[in-house]
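**Q** Handing you a structure now.
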Amino acid sequence: MTFVLPSEQNQSKITIWQCFRLRFLKSSYLLQLILTICNLGICFSVPLASVSKTSAAEKIYLDYGVLQFSLPLKSLETYAKKGIIDANFANYASFFSSEQLEQLRKALVSKADVTPLAVTQFLYSPQGERILAKVAQVIQTKAGQSGFYALRSALIMATADEEGLTPLNILKQFPTYGIRLNSERGFQIIENLSEIVQETEKAIAQVQQQALQETATNNSLANVPLPNFSQPGSYSYRKQLLTLEDRSRDRRFPVDLYLPNNSGRLPLIIISHGLGGDRTTFAYLAIHLASYGFAVAVPEHPGSNAGQIQALFNGFANKVTLPEELIDRPLDIKFLLDYLERNYGQQLQVRRVGIIGQSFGAYTALALAGAKLNLASLNQACQDIDNSLNLSLLLQCIALELPNQKYNLRDERIVSAIAINPMTSAVFGQEGISEIKIPIMLIASSADPVTPALSEQIEPFTWLTTPEKYLALLEGATHFSTLQESSGSIPLPSQAIGPDPQIAQNYVQQLSLIFFESYVLQHSNYQAYLNASYAAKISRSMLPLSLVRSLNLQFNPQ
């Protein structure tokens, strides 16, 4: 650390670093945001052939008003690799607990398994460039200029280097003598993030309090032995692979159809995967529902599946997904239902269908349930997208590229829907969400930086006007906790997945079974379990579950 300051300025330094410690390192939400960005391939760059390393960073600089602090990068590397705190780093380290320092050390050497080509392709996509531009507002050259191109170079050099793509190696590969952190912009972001975290914590506390009140009001399950809905049902099943072709849209896609070995016409559930997913992402759920007698159809959306992301990484696509996918996904489901009605009408109940989706698939489910695209709310929300920490806006705002017309994606055959981690705030807004008239369950993850729980699920839950509405909150879960790992999807570290995804997946199995028994099959006895009391019974301490029927937020989220 290099500075010579009067005592009152040293006091200012303490205030700065205490602020940093409290607002940055204590935020698990920010940790999830960083992990998600890095592991979605956002740390991407330009072709290797175009980058030549002429120098490397030796110091990190931080300005705060008239004060300037610096830290030799070698000191940070020594701590990250050997755990040794030298004299230069000691002054900074004194402001953090040993646990925080260990978290920092692990984070600095955490490696992302990506290729230079994947890095290149993503960062040249519109979403990748927007994210890099956000980061470059804070990470600058020593001269205080945008770090966009220098950071791009550092990322690709780190990816190609034998040490790999780690935060430490990115700093080491930065192609200027110094790296300047724009403290003014950085603290603005930290302040905004702090507000988001505080508001989210308030909302979570209100959901938990509401769940306690609803449990006290309806505690009929207090002394009753509960059925174990997490166990498989009694039906075996067979799986068929269908290949559908919608020539009107030049769209061909596969569908896994799970058929229980049960007589009579089978109730039908549709599962829609998220961006970068495939037919196996929720195979665990399809198998579980099939074991209870539900037929389950799982389409793979070709414009936003794992194959699309691989095509981007391999240079065969230049965008994460196209705006038309917002329309094509619901149309895939409509086409699938038409096909099943024609070809399986005697086996399946295609006029009363349930749907469940996650992330982009949750958007798909809500659109089919009656939520309407709202270009007015989109225009307003997307004006400030460069300053937003809501990553889902990068996907929601591509809807502005669609032709300006009214879209009605509702399908009357869908009679109930579950949306896990949906994006809603801009693409639908309050006006669009309030159009839903069928039973709906929103499932939120408290540590989700991709589709933040407060803005994308908790507040939108209060916009729902349908009387049969439910909000399930998984405290500590992330955007990826409910996903089954598949060979075609991007591998994620355990920190990005959250604590014990088996618990989250088990919740999804139980809640979806009870919900669809209640509203697809109209078995009223199952509604006895569709409440806060049952959720409290099955809740696990590692990943607490709350379920509410109503919510009145006592503050106005920003």
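The values are calculated or read from the model by the stated rules, or taken from the named source; none is laboratory data. Please read these numbers as outputs of a predicted model, since none were measured by experiment. Every residue, glycine as well, gets a Cβ built from its backbone with ideal geometry; the counts of neighbours run over all protein chains shown.
**Q** Just need a number here: residues in the stretch 361-412 that are assigned to a loop (DSSP other than H, G, I, E, B) and surrounded by 15 or more Cβ atoms within 10 Å (Cβ to Cβ).
**A** Count: 15.
**Q** Since ASP338 meets every condition but one in (1) over 19 Å from the mean Cα position of the chain (by Cα); (2) charged (D, E, K, R); (3) crowded, with 24+ Cβ neighbours inside 10 Å, which condition does it not meet?
**A** With (1) over 19 Å from the mean Cα position of the chain (by Cα); (2) charged (D, E, K, R); (3) crowded, with 24+ Cβ neighbours inside 10 Å applied to ASP338, the lone miss is (3).
**Q** Quick test for you: out of LEU393, LEU471, pick the one residue that is touching a helix residue (DSSP H, G or I) at 6+ places or on another chain (Cβ under 9 Å), closer than 25 Å to ILE196 by Cβ and without any contact (Cβ under 8 Å) to a residue 40 or more places away in the chain.
**A** Answer to the check: LEU393.
**Q** If we keep just the residues of the stretch 447-466 that are of a type in the set (A, V, I, L, M, F, W, C) and part of a helix (DSSP H, G or I), which is farthest from the chain's Cα centre (by Cα)?
**A** Checking each candidate, the answer is TRP463.
**Q** Restricting attention to the stretch 219-238, which residues are among the hydroxyl-bearing types (Ser, Thr, Tyr) and in a loop (DSSP other than H, G, I, E, B)?
**A** Result: SER220, SER230, SER234, TYR235, SER236.
**Q** Shifting gears a bit: Among the residues of the stretch 185-198, which ones are closer than 17 Å to GLN137 by Cβ and touching a residue at least 40 places away in the same chain (Cβ under 8 Å)?
**A** ARG185, GLY186, PHE187, ILE189, ILE190, GLU191, ASN192, LEU193
**Q** Right, another one. Could you list, in sequence order, all residues of the stretch 413-434 that are farther than 14 Å from ALA365 by Cβ and either among the basic types (Lys, Arg) or surrounded by fewer than 24 Cβ atoms within 10 Å (Cβ to Cβ) (or both)?
**A** Correct list: GLY429, GLN430, GLU431, SER434.
**Q** Tell me, yes or no, whether the stretch 65-88 has at least one residue that is acidic (Asp, Glu), modelled with pLDDT under 85, farther than 20 Å from THR159 by Cα and not in a helix (DSSP H, G or I).
**A** no
**Q** Looking only at the stretch 139-169, which residues are crowded, with 21+ Cβ neighbours inside 10 Å and not in a helix (DSSP H, G or I)?
**A** Scanning the stretch 139-169 gives ILE139, GLN140, THR141, GLY147, LEU165.
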